[in-house]
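Read through the structure below, which is laid out as structure tokens, and then see the notes.
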Amino acid sequence: MRTMSGLSKINRLIPVVLLAGALLAGTAFAQKKDKNKDSSIRTLQGLVTDAADNPIAGAIVQLENTKTLQVRSFITKEKGDYFFSDLSTDVDYRLHAENHGMTSSTKVLSSFDSRKAATMNLKVDQQMK
């Protein structure tokens with residue numbers, strides 16, 4: 001009888017063990033998928049300054065996706081800094097800043113640039129046309 005009781009317990013444990021294994025495999029797959037997703041995402045940050053290299057708070061930084069032509073904007077913080085996240089590594093982006101009738105030159109964050117956390121500083125020193 002003990003042998004049957006032991007086998008009965010093992011038979012009851014098999015579905016539990018299989019379910020636990022399936023859950024662990026699913027979790028590992030989801031983590032790998034998220035890791036792959038992160039490999040195609042990057043950030044862009046920088047500092048906006050005036051002609052005398054003073055940080056500009058309240059400048060408007062515009063980032064244009066060259067594939068979709070979607071424009072995202074960021075108003076610089078107190079220390080003149082800006083930040084864009086969730087940018088595709090497969091897209092080129094055009095970047096410039098504006099403040100009180102002045103603009104910076106346009107910079108490009110290229111899809112060939114492999115940095116995951118790019119930094120591009122902008123100098124607002126040209127009269128807007």
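All of the numbers you see were taken from the coordinates with simple rules; none came from a lab. Remember, predicted model here, so these are calculated numbers, not experimental data. Heads up, the Cβs are rebuilt from the backbone with ideal geometry, glycines too, and the neighbour counts pull from every protein chain shown.
The slack in the chain from Asn54 to Asp113, taken as 0.36 nm per residue of separation less the alpha-carbon distance, amounts to 18.5 nm.
Taken about its Cα centre, the range 40-127 carries a charge dipole of roughly 220 debye when the Cβ of each Lys and Arg holds +1 and the Cβ of each Asp and Glu holds -1. A protection proxy built from the mean count of other Cβ atoms within 10 Å ranks the segments 50-62, 92-104, 108-120, most packed first, as 92-104, 50-62, 108-120.
Close amide H partners of Lys123, meaning residues 5 or more places away or on another chain with modelled amide H under 5 Å apart, are Thr49, Ser105. If the segment from Ile41 to Lys129 were pulled out straight at 0.36 nm per residue, it would be longer than the present Cα-Cα gap by 28.3 nm. Amide H contacts of Ala59: Thr76, each under 5 Å away and 5 or more positions distant or on a separate chain (H built 1.01 Å from N in the peptide plane; Pro and chain starts excluded). Dividing the convex hull volume of the alpha carbon atoms of the range 40-127 by its residue count gives 82 Å³ per residue.
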